[in-house]
Amino acid sequence: MKKKHSILIVEDDISLRNSIKNILKRREYEVSEANSVKTALLTLKKRVFDLILLDITLKDGSGMNVLKKISNDYKNRVIIISGTGTIDIAVEAIKMGAFAFLQKPAGRDVILETVKKNILLNQKLDDYQTLISELCDKSKFENIIFKSLQMKKIIQKAIKITDLDNTILISGETGTGKELLARAIHYTSKRKNDPLITINSASIPDTLAESELFGFEAGAFTDAISSFPGKFILAGNGTIFLDEISELSPLIQSKLLRVLESGEISPLKSAKTKKINARIITATNKNLETLVKKGLFRKDLYYRINQINIHIPPLRKRKTDIIPIAEHFLFISNITLSKRIERFDDEVKETLLQYSWPGNIRELKNVINELSLFVSGPEIKMKHLPYSILMQKKSFKKEEHLTTLKEIERNQIINVLKSTNFNIKKSAKILGISRPSIYKKIKEFDINKI
Ligand SMILES: Nc1ncnc2c1ncn2[C@@H]1O[C@H](COP(=O)(O)OP(=O)(O)OP(=O)(O)O)[C@@H](O)[C@H]1O
Ligand SMILES: [Mg+2]
């Protein structure tokens with residue numbers, strides 16, 4: 001059976017308490033009641049509730065006393081019930097850790113909606129805390145998010161070949177997840193306890209490449225005071241990930257080919273050869289076959305590094321992955337930024353699907369990270385999307401997306417409230433309006449501590 005969520009109503013007005021209780025009970029919530037600060041604290045000593053609805057003015061004191069006692073425990077999510085005269089206290093309460101406030105008299109739908117949303121968020125928060133470290137772990141296949149059949153096939157293939165020793169060439173446009181895949185292969189393979197050494201082929205100059213990769217003996221050149229085994233040997237039984245392989249110079253291409261053919265290296269000025277045990281994975285965002293045809297990349301090397309080929313298609317060719325990946329990044333942003341953005345508006349989803357994503361998943365990640373910073377409500381709307389994305393939308397009309405003065409006003413009030421940590425007096429002063437006016441605006445614009 002599904003677990004019933006528990007709610008404690010702390011309210012001294014018996015008719016209001018009963019009416020909230022009845023509304024919630026009909027929706028399968030398990031409801032407890034307290035009519036004073038004292039009974040509330042006694043009840044809370046005994047157990048934890050999924051949600052607490054807390055009135056501010058109680059007959060034996062302020063609800064704030066209850067809040068003070070429990071606000072350190074995030075499990076006790078509190079919604080303040082405030083009367084008209086107590087809105088400033090409600091704002092204070094939010095500063096102290098309450099999550100939302102309901103203003104009396106609140107209708108049935110508002111009560112239910114607020115309760116449902118906060119219970120859901122609380123649950124997610126719990127799951128999130130344990131999941132977040134797992135989710136950010138870039139060494140697992142589970143963290144490669146996809147829904148498309150193309151990606152499913154790729155992942156299935158990759159899992160099958162993790163323990164083979166053959167070379168792998170991963171191709172795909174920039175930001176498609178080549179390195180992520182290489183990491184997942186290494187860390188799932190029998191080689192996972194040995195190092196994964198990444199080498200960016202574009203960043204090593206010719207003069208250093210040979211010694212960096214294959215090592216040298218002491219005295220091999222002026223600065224070679226002691227010997228260095230080279231990255232291929234340092235990787236041991238692990239993996240060498242040669243990124244941007246197309247950028248290797250012809251000289252290094254030929255040296256690498258010799259090493260791959262013989263399975264051995266001979267460090268500079270050393271008479272001895274050493275056997276290589278590391279697996280070689282390479283990646284490229286260029287079309288190597290074309291480069292081979294043009295004579296810009298060695299054909300024999302191409303075949304050596306391409307024993308297993310994995311091509312990751314661009315995001316625009318696997319559109320079903322866009323929303324799940326966007327939701328995944330939103331999930332992470334919510335945690336890292338302590339936000340509670342729940343969804344993308346339908347038109348936003350449509351727009352994300354239509355966009356061409358030239359920077360692929362890296363671009364999608366940056367877009368979601370950036371807009372999460374500025375979204376203050378539970379939903380990502382069209383106005384939050386960067387102009388570059390909006391412009392590609394077929395039906396895009398510039399005028400529709402210009403902001404109204406009201407929106408600017410709302411955003412400015414939010415910014416100031418945030419920067420003063422919801423200090424009403426300071427915020428009013430900065431904004432150049434009176435305290436009653438700022439309260440009026442908070443109400444009018446439905447501003448919550450977000
Ligand atoms: N399917 C996916 N699910 C979740 N995150 C992903 C996925 N694919 C890529 N990423 C993330 O997107 C970013 C870019 O991925 P990665 O660095 O692996 O791309 P790349 O193909 O190596 O790009 P480049 O060619 O520019 O080096 C990384 O932060 C990575 O974790
Ligand atoms: Mg990369």
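The values are calculated or read from the model by the stated rules, or taken from the named source; none is laboratory data. This is a predicted model, so every value here is computed, not measured. All Cβ positions, glycine included, derive from the backbone under ideal geometry; neighbour counts span all protein chains shown.
For residue 418, indicate whether it is more than 26 Å from the chain's Cα centre (by Cα) and outside the structural domain of residue 103 (by TED's automatic domain parsing). Working first, answer last.
Numbers: more than 26 Å from the chain's Cα centre (by Cα): no; outside the structural domain of residue 103 (by TED's automatic domain parsing): yes.
Against the criterion (more than 26 Å from the chain's Cα centre (by Cα) and outside the structural domain of residue 103 (by TED's automatic domain parsing)), residue 418 does not qualify.
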Any chance the stretch 341-354 includes a residue that's buried (at least 19 other Cβ atoms within 10 Å of the Cβ), under 13 Å from the mean Cα position of the chain (by Cα) and either charged (D, E, K, R) or not assigned by TED's automatic domain parsing to the domain that holds residue 245 (or both)? yes
Please go through the stretch 19-45 and give me each residue that is within 17 Å of residue 58 (Cβ to Cβ) and either of a type in the set (Asp, Glu) or not assigned by TED's automatic domain parsing to the domain that holds residue 60 (or both), ordered by number. 33
Helices (runs of 4 or more DSSP H) contained in the stretch 228-329 and holding at least 3 residues in contact (Cβ under 8 Å) with a residue 40 or more places away in the chain: 250-262, 299-305
Considering the stretch 1-25 alone, what residues qualify as being in a loop (DSSP other than H, G, I, E, B) and in contact with a helix residue (DSSP H, G or I) (Cβ under 8 Å, 6 or more places away or on another chain)? 5, 11
Members of the stretch 330-352 found to be in a helix (DSSP H, G or I) and either among the polar types (S, T, N, Q) or more than 16 Å from ligand 1 (Cβ to nearest atom) (or both), listed by number: 333, 334, 336, 346, 347, 348, 349, 350, 351
Does the stretch 355-384 hold any residues that are in a loop (DSSP other than H, G, I, E, B), surrounded by 15 or more Cβ atoms within 10 Å (Cβ to Cβ) and at pLDDT 90 or above, and which are they? 355, 357, 359
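Matching residues to (1) over 19 Å from residue 138 (Cα atoms); (2) in contact with a Ser or Thr (Cβ under 8 Å, 6 or more places away or on another chain); (3) within 14 Å of ligand 1 (Cβ to nearest atom); (4) among the small types (Gly, Ala, Ser):
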residue: 151; (1), (2), (3), (4): no, no, yes, no
residue: 165; (1), (2), (3), (4): yes, no, no, no
residue: 179; (1), (2), (3), (4): no, yes, yes, no
residue: 185; (1), (2), (3), (4): no, yes, yes, no
residue: 188; (1), (2), (3), (4): no, yes, no, no
residue: 193; (1), (2), (3), (4): no, no, no, no
residue: 196; (1), (2), (3), (4): no, yes, yes, no
residue: 199; (1), (2), (3), (4): no, no, yes, no
residue: 208; (1), (2), (3), (4): yes, no, no, no
For the stretch 194-223, which positions are without any contact (Cβ under 8 Å) to a residue 24 or more places away in the chain and either within 20 Å of residue 180 (Cβ to Cβ) or of a type in the set (Asp, Glu) (or both)? 203, 212, 223
